[in-house]
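Just so it is clear, none of the values below were taken in a lab; they were calculated from the coordinates. Here the structure is a predicted model, which is why all the values come from computation and not from measurement. Note that we place each Cβ from the backbone using ideal geometry, even for glycine, and neighbour counts take in every protein chain shown.
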Amino acid sequence: MAGDTLTSQEYIQHHLTNLAYGKHPDGTWGFAKSAQEIGEMGFWAIHVDTMFWSILLGFVFLGLFIVAARSATTGVPGTLQNLCEMAVEFVEENITQVFGSRPNAIIGPLSLTILVWVFLMNLMDLVPVDFIPQAAHLAGVPYFKVVSTTDPNATLGMAIGVFILVLYYNFKIKGPVKFAKGLVTHPVPKWFMYPFNFVLEIVDLIAKPLSHGLRLFGNLYAGEMIFILIALLPFYAQWLLSLPWAIFHILIICLQAFVFMILTIVYLTQAHETDEH
Amino acid sequence: MEQSLIFMAGGILMGLGAIGSGVGIGILSGKYLEGVARQPELQPMLMTQLFIALALVDAVPIIAVGISLYMIFALQG
């Protein structure tokens, strides 16, 4: 339990609030002290904890792979080299299965980054819910959310990044004319159905990044929520419930990182398909 | 009154999500078993595809569970 004076409702809300740095209504900049202040900041706020953890874990990912690449041997590989090779081979296998052998320099590194980075961010979910927020609380930081992927800003940001790449490749490979033609002619290729087709295809196009980001966010958010609810129970129930849920969660965090990566590959593949159906 | 409405909404949210995903996952796993029974050598490949599809089907109800838990435990009062 976080504090002696918190009700369970306040406890949950405390654990689900990001540390926001932004512009107060009176024009000064600073950290928000309550959820209400975050609401008042509106657009001009940045979630410092999300940024901190995602960038830190990005550097952890880069560091691990750089160390593994520098010390790579052709002899008996060490644990780190094995792990990195496994990740790289897994990504390569999935790309050749789905994407095929089209020339594209970006999809390999992109998929590897997404897989490992999202996995590392999800992995923070297995850190007990009170460890780091409580430590931050003692250090005088009011809110500190550890799992970046439980912040829709992070997941939707990544999904929009992928969406921009999809649009880029649609324009580059198909050209604007063919891309626009694909938007209006797709389900029913009759001229009087073009407006109807256009509405369907636009909804389809917009729903892709939205569901892409929300899927990751929803899974991790629900998982974190259940961890927090378990933390509210009396002490004898904690071990009994937290352990099975954490073990089940190991599956979820791997699966969600994998699904996020495979959907990226699938969307990019769709952007590369030039043949008419 | 407000409180009980939130509880009801949370319950309905979870339940309806579970119905849809239950049917979906049932059909999916059944087809997977059929496929494996027909061609056991394809099992590893089908398993990966199954997991992808499962995660896709699973996403919406799990989001519903998250939102309803939030409504029930954090929004009340």
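Label-to-label distance, B:Leu33 versus A:His186, with points set 7 angstrom from Cα along the beta-carbon direction: 3.5 nm.
If each residue's Cβ is checked for other Cβ atoms within 10 Å, how do A:Asp26, A:Asp130 rank with the fewest at the top?
Going from least to most buried by this count: A:Asp26, A:Asp130.
Counted without the sites themselves, the longest stretch of chain A free of chymotrypsin sites (Phe, Trp or Tyr not before Pro) in a DSSP loop having at most 13 other beta carbon atoms within 10 Å is A:45-277. Compute the whole-percent fraction of alpha carbon pairs in chain B spaced more than 16 Å apart. Distances greater than 16 Å cover 58 percent of the Cα pairs. The angle separating the long axis of helix A:48-70 from the principal Cα axis of greatest extent in chain A is about 70 degrees. Report the longest stretch of chain A that contains none of the trypsin sites (Lys or Arg not before Pro) sitting in a DSSP loop with at most 12 other Cβ atoms within 10 Å. Maximal segment without exposed cleavage sites: A:34-189.
Each of B:Ile19, B:Ile52 was scored by other Cβ atoms within 10 Å of its Cβ. Listed from fewest to most, they are B:Ile19, B:Ile52. The stretch between A:Leu126 and A:Arg70, if pulled fully straight at 0.36 nm per residue, gains 17.2 nm over its current Cα-Cα span. Ordering A:Cys254, A:Cys84 from the fewest to the most neighbouring beta carbons within 10 Å gives A:Cys254, A:Cys84. Extending 7 Å from the Cα toward the beta-carbon at both A:Glu89 and A:Ile106 defines two label points whose distance is 3.0 nm. Placing pseudo-labels 7 Å out from each Cα toward the beta carbon at A:Phe31 and B:Glu41 gives an inter-label distance of 6.2 nm. When every Cα-Cα distance of the protein assembly as shown is counted in 20 angstrom steps from zero, the calculated P(r) takes the values 23, 55, 21, 1 percent. When GluC sites (Glu not before Pro) are flagged only if DSSP places them in a loop and at most 14 other Cβ atoms lie within 10 Å, the longest unflagged stretch of chain A comes out as A:1-272.
Sorting the Cα pairs of the stretch A:88-186 by distance into bins of 5 Å, from 0 upward, gives 2, 10, 14, 15, 15, 13, 10, 7, 6, 4, 3, 1, 0 percent per bin.
Which whole-number percentage describes the relative contact order of the stretch A:8-272, with Cα contacts under 8 Å and a sequence gap of 6 or more? Relative contact order, the stretch A:8-272: 24 percent.
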